[in-house]
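Here, each number is a calculation from the coordinates, and none is a lab measurement. Remember, it's a predicted structure, so these values are computed and weren't measured experimentally. Note that each Cβ is placed from the backbone with ideal geometry, even for glycine, and that neighbours are counted across all protein chains shown.
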Amino acid sequence: MARLVGAVRPRLARAAAAAGPRVARLATTTKPQLTRITRTWQYTALAATAGLALAAGVVTAAGPWDSSGQRTAERDRAAAWGSTGGADHGGDPASREPGPAPSAATVLAGLGAGTTVQAAPDTPDGRALTDVLEPILKDPALGPRRSAAVVDVTTGKRLYGVGVGAALTPASTTKIATAVAALSAMGPDHRLTTRAALEPDTGELVLVGGGDPTLTAREEANGNASLRTLADRTAAALTERGLREVTLSYDTTLYAGPELHPIGVNDNLAAVTPLMLDEARTDDSTRGPAPRVPDPAADAARRFGDLLKDRGIKTTPPGPSKATGRAESLAAVSSPPLSALVERMLTHSDNDIAEALARHTAVATGERADLAGAGVAVRAQLDRLGLPVSGTDIKDGSGLDRAGRLTANLLTALLVTAADPDHPELRPALTGLPVAGFTGTLTSRYEDGAAGFVRAKTGTLTGVNALAGTVVDRGGRVLAFAFLTTGTTNPGAAQAALDRAASALASCGCR
């Protein structure tokens, strides 16, 4: 902890020095508007102070990631700002509306029921933005093909664009589309359930995969569904029925088609199956690349059998099967709510969760739950929302498939729609975005730039660099941006150029 405080303190000092004048300026320019905002959303948590509050939270309470994918410090700070705030989705999901993470306060200030936020008169000037961005986006490091868009989140007006309709490889920014489609199709409180079912005629015990990649066999579940808990409940139910020996099998029929993603065997993604433990990782890691077990479902069933044996239930070696409609559900465990899974997916760029959510979108909308059907389902769900899907081709949920195509126009529209007061169910698509200089895939970026003011999803494949998210400019306006580049040859230089572009938006008055 001491090392963390020491490491973050210089970052805080830089952020405070840069934000001080901005806070004072915002306090005077927004005061007339603040009186028109309901107490439900304390708009006094302006973006500048929100960024600093998040930084302070990292120093004072750099706790572990909670089930929502946001630091406990963010949740606690949000709770201090208002009873409906906070990114944590624990407790009774039906008892409250989803709330914002504090570092997204300005983006989400207008999302409460009955809340209206007047548009500020000082909208950034498109020509001024062009003057700032074009020299950066012409950097040769960004390759021969690029697309960019900047949109005012409050008004939805595009302020800057170049090739906004050009469909380019989006890499992991695809996960923003996956998040919005899944939240729209299933709702933020939906949970993924794994169950054990007993066939009445044969006495076969079937472990039924529910498509929860976060199901864990670890002793510390950390908010995830626990296979140990499922074994406890199943053993108790079998004992109550006088059964001490069963034939064990497992059901993976929720998904269809091949389990192997087009990238092949890869440490970035397990086989895509509705039954797995801890994303099929073979080590103790919880994020990032790691070797995976070759058959996640068989491994999960085998370990379930071992847990039942420890609880006095003898089982046969498990094999694949399908639970019938007559099967009696003996026990079940459920994932964290979808809002939490979305946040975790975006914060850590979790490919396994992304592929699961794409297939669940297919299940929810009646499409075949294979790779192709998931892509069709995600695109169709975005189309139902009225988003500009023309020219797009969604090949997977994670963006690992290089054949996928998105536009900067669609990515900014996704972000603006997630901030729309009419779509509070989409809020986790914003609160899950990594915070520049502090969380997730942006932890080590922006240390000397716009730390705390940029929230964005990164995207990186060989020859592809992308960045899409939100930024608060010097006048307090929240802007959605998307930068897509193809043909890059130096990933570090390309990443640095995109970071400079986002930082330029944060530091630009552009009036």
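General remarks:
- Under 5 Å between amide hydrogens, built in the peptide plane, is the criterion, and for Ala369 it picks out Ala256 among residues at least 5 positions away or on other chains.
- In sequence order, region 459-474 has phi-based couplings of x, 9, 9, 4, x, 10, 9, 9, 8, 8, x, 10, 8, 9, 7, 5 Hz under the Karplus curve 6.51 cos²θ - 1.76 cosθ + 1.60, θ = phi - 60°, and Gly or Pro positions carry x.
- Stretch gain in nm, segment Ala496-Arg244, where the contour uses 0.36 nm per residue and the Cα spacing is subtracted: 84.6 nm
- Coil-residue GluC sites (Glu not before Pro) of region 181-245, DSSP, other Cβ within 10 Å capped at 10: Glu219, Glu220
- At the listed q of 0.14, 0.17 Å⁻¹, the Debye profile of region 372-511, built from one uniform point per Cα, gives log10 I(q)/I(0) equal to -0.68, -1.01.
- Residue-by-residue Karplus 3J(HN,Hα) for region 295-309, coefficients 6.51, -1.76, 1.60, Hz, glycine and proline x: 10, x, 5, 4, 5, 5, 5, 4, 6, 5, x, 4, 5, 5, 4
- Across region 341-444, the volume of the C-alpha convex hull divided among the residues equals 107 Å³ per residue.
- Phi angles across region 431-441 convert, under the Karplus curve 6.51 cos²θ - 1.76 cosθ + 1.60 with θ = phi - 60°, into 3J(HN,Hα) values of 5, x, 5, x, 9, 4, x, 9, 10, x, 6 Hz, Gly and Pro given as x.
- The trypsin sites (Lys or Arg not before Pro) of region 237-309 that meet both conditions, a loop assignment by DSSP and at most 13 other Cβ atoms within 10 Å of the site Cβ, are Arg241, Arg244.
- Under conditions of 10 °C and 1.306 mPa s, region 195-343 yields 101 µm² s⁻¹ as its translational diffusion coefficient, taking Rh as the Kirkwood radius over Cα pairs in the Stokes-Einstein equation.
- Mean separation of Cα contacts under 8 Å, 6 or more apart, over the residue count of region 205-281: relative contact order %: 49 percent
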